[in-house]
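Got a structure for you, written out below as structure tokens; questions coming shortly.
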Amino acid sequence: MTKFFLTLHVLAAILAVGPVTVAASMFPAALRRAQAAPGDASAVASLRLLQRICSVYAFVGVAVPVTGFVTAGSLGVLGSAWLIVSIVLTLAAAVVLIVLVLPRQEAALEAVAGQSGDGAAGGAGAQGARGQRAEGTAVVTVGERTSSRLAMYTGVFNLLWATVTVLMIVRPGSTTGA
């Protein structure tokens with residue numbers, strides 16, 4: 001049964017986290033292209049698609065830690081240091097995605113869609129004249145540095161996931177065999 005759980009965990013990671021890392025990495029460059037050509041409907045459509053991929057697969061990505069806990073339980077490694085570090089890093093990656101990446105993608109999409117006259121941005125929230133969007137109690141400002149900040153936050157997200165992947169493969173100190 002352990003091999004079955006491990007297979008589910010690896011497939012969930014590949015199929016859920018992979019698309020988020022790729023789409024989130026592509027978003028800043030697509031945003032710069034859309035900001036450079038405000039009337040380009042295809043640039044807005046590209047942004048909308050990338051943001052949608054990130055949002056949907058972030059939700060689907062919940063399967064990764066769920067299957068991970070089941071796998072770790074069946075392996076008997078829930079108390080291992082490498083696993084605890086992986087869990088903390090996974091939580092940090094989720095926070096980066098949910099708090100820093102997704103709201104800024106949504107705000108950028110709304111701002112660019114508003115400039116191009118395309119009102120179908122697909123997000124909720126009021127946008128002000130300066131490209132600000134209320135996200136709960138936080139305000140996300142869209143400006144010249146938005147794509148750079150998104151690239152930075154996405155890089156942090158990707159680095160966290162890469163570190164978790166290495167820990168899952170190497171499993172330092174593990175006695176279960178690598």
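The values are calculated or read from the model by the stated rules, or taken from the named source; none is laboratory data. Since this is a predicted model, take the numbers as computed values, not measurements. As a convention, Cβ positions derive from the backbone with ideal geometry for all residues, glycine included, and neighbour counts pool all protein chains shown. Note: areas computed on protein heavy atoms with side chains; ligands, DNA, RNA excluded. Shrake-Rupley method; radii C 1.70, N 1.55, O 1.52, S 1.80 Å.
Could you state the principal axis extents of the C-alpha atoms in segment 2-73, from the largest down, to the nearest angstrom?
Over segment 2-73, Cα extents along the principal axes are 53, 15, 13 Å.
Just to verify a number: what accessible area does PHE5 come out at with the full protein assembly present, 1.4 Å probe, Å² rounded to tens?
Surface open to solvent at PHE5 totals about 50 Å².
Taking 0.36 nm per residue of separation and subtracting the Cα-Cα distance, what length does fully extending THR7 through ALA45 add?
10.2 nm
Let me ask something else. Given the options PRO103, VAL62, MET26, identify the residue whose Cα lies farthest towards the positive end of the charge dipole of segment 1-106 (+1 on Cβ of Lys, Arg; -1 on Cβ of Asp, Glu).
It is MET26, whose Cα lies furthest towards the positive end.
While we're on this one: Please work out the FRET efficiency for the pair VAL60 and GLN115, using the Cβ-Cβ distance as r and a Förster radius of 35 Å; give the result to the nearest 0.05. It would help to have the intermediate numbers written out before the result.
Values: r = 31 Å, r/R0 = 0.88.
Taking R0 as 35 Å, the efficiency between VAL60 and GLN115 is 0.70.
Treat each spin label as a single point 7 Å out from the Cα along the C-beta direction, and report the LEU15 to VAL99 distance in nm.
About 3.1 nm, to one decimal.
Name the shape class, rounded, prolate or oblate, that the alpha-carbon gyration tensor gives for segment 54-101, where a ≥ b ≥ c are the square roots of its eigenvalues, rounded holds for a/c under 1.5, and otherwise prolate holds if a/b is larger than b/c and oblate otherwise.
Oblate shape, in that a/c is at least 1.5 and b/c is the bigger or equal ratio.
Ordering MET1, MET168, MET152 by accessible area with a probe of 1.4 Å, largest first, what comes out? The partial results should precede the final answer.
Working: MET1 155, MET168 65, MET152 105 Å².
Accessible-area ranking of MET1, MET168, MET152, largest first: MET1, MET152, MET168.
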